[in-house]
Amino acid sequence: MSLNWRPAPSIPCSVATSDPFINSLYEFLKYLEANNPIKRRNLHVVGSNLTIGIGFDLAAGGEAVRRAVFSQLGLDYDYPANHANAQPGSPEAIESDYITRLMATVRGSNPTAVNNLMFARYNDSRLNSLTQLQRRPYFSFNNDNEVKAVFDNLWTNVYSILIYNRLPSLVGDAAFATSSEMRALASMLWNGGPGKLTKELRAAI
């Protein structure tokens, strides 16, 4: 028996950088998660976790979310590991310390502490010789293009893969990939993590 998936309604996207379904999914989740641009671009607390963008939870989202957000903000998530042998007090060691502390602090619930670290790093003249570094004064996105870039990254490389890993029979089903059912699963996963895709739900699908 073939399944008749319902096409997801098209929603015009304010930052159309991907295919129509991903753009529409972004707008759908944006409306649910952070319809206010100030909230989208800056750290805020949801529950007890720091969140940015359209529900990029920096604690519950795990390393994949932190890595995507850090990268967009010009922070090299792998810097401490790649400079583990840096001489104490060197610019490389100082940058490693900033990144390590940011990794830990974003998993808390204090946006001021994160922004204080970012501001200190921004103004730290000891890092001036590391000309390849990108430094911004606050842990925030400059615009919605940056928010959308993180979303595209996470949907393509993390969340859609999680869905297909649990529903392997639907890999290659073009109608499902752009369906209302896919959008509903995306929303469940976005808000509740992989545990929402229960065995019973997968069997029903």
Collect the residues in the stretch 35-64 that are outside any strand (DSSP E or B), among the charged types (D, E, K, R), open to solvent by less than 40 Å² (accessible area, probe 1.4 Å) and over 14 Å from Ser140 (Cβ atoms), keeping them in residue-number order.
none
Could you tell me which residue of the stretch 11-25 is farthest from Ala149 (Cα to Cα), considering only residues that are more than 18 Å from the chain's Cα centre (by Cα) and open to solvent by 70 Å² or more (accessible area, probe 1.4 Å)?
Pro12
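Could you say which residue among Ala174, Ala149 is farther than 30 Å from Ala113 by Cα and of a type in the set (A, V, I, L, M, F, W, C)? Spell out the reasoning first.
Numbers: Ala149 fails: farther than 30 Å from Ala113 by Cα.
Just one listed residue meets the conditions, Ala174.
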Taking the stated definitions as given, is Asp152 assigned to a helix (DSSP H, G or I) and more than 20 Å from Pro80 (Cα to Cα)?
yes
Residue pairs meeting the criteria (Cβ under 9 Å; at least 6 apart or on separate chains; first within 24 Å of Pro20 (Cα to Cα) and open to solvent by less than 50 Å² (accessible area, probe 1.4 Å), in the stretch 183-205; second in a helix (DSSP H, G or I) and acidic (Asp, Glu)):
Trp190/Glu33
For Ala16, which of the numbered conditions (1) outside any helix (DSSP H, G or I); (2) in contact (Cβ under 8 Å) with a residue 12 or more places away in the chain fails to hold?
(2)
Can you confirm whether Thr112 is among the β-branched types (Val, Ile, Thr), part of a helix (DSSP H, G or I) and over 30 Å from Leu201 (Cα atoms)?
yes
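Filter the stretch 1-10 down to residues that are of a type in the set (Gly, Ala, Ser) and either closer than 23 Å to Asn116 by Cβ or open to solvent by 30 Å² or more (accessible area, probe 1.4 Å) (or both), then give me how many there are. Please lay out each step first, then the result.
Residues of the stretch 1-10 of a type in the set (Gly, Ala, Ser): 2, 8, 10.
Pick out the ones that are also either closer than 23 Å to Asn116 by Cβ or open to solvent by 30 Å² or more (accessible area, probe 1.4 Å) (or both) and you get 2, 10.
Residues flagged as of a type in the set (Gly, Ala, Ser) and either closer than 23 Å to Asn116 by Cβ or open to solvent by 30 Å² or more (accessible area, probe 1.4 Å) (or both) within the stretch 1-10 amount to 2.
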State all residues of the stretch 124-161 that are among the hydroxyl-bearing types (Ser, Thr, Tyr) and open to solvent by 40 Å² or more (accessible area, probe 1.4 Å); if no residue qualifies, say none.
Ser125, Ser129, Thr131, Tyr138, Thr156
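The values are calculated or read from the model by the stated rules, or taken from the named source; none is laboratory data. Treat the numbers as computed from the prediction; the structure is a model and nothing was measured. Counting neighbours? That spans all protein chains shown, and the Cβs are built from the backbone with ideal geometry, glycine included. The accessibility values were calculated without ligands, DNA or RNA, using every heavy atom of the protein model including side chains. Shrake-Rupley method; radii C 1.70, N 1.55, O 1.52, S 1.80 Å.
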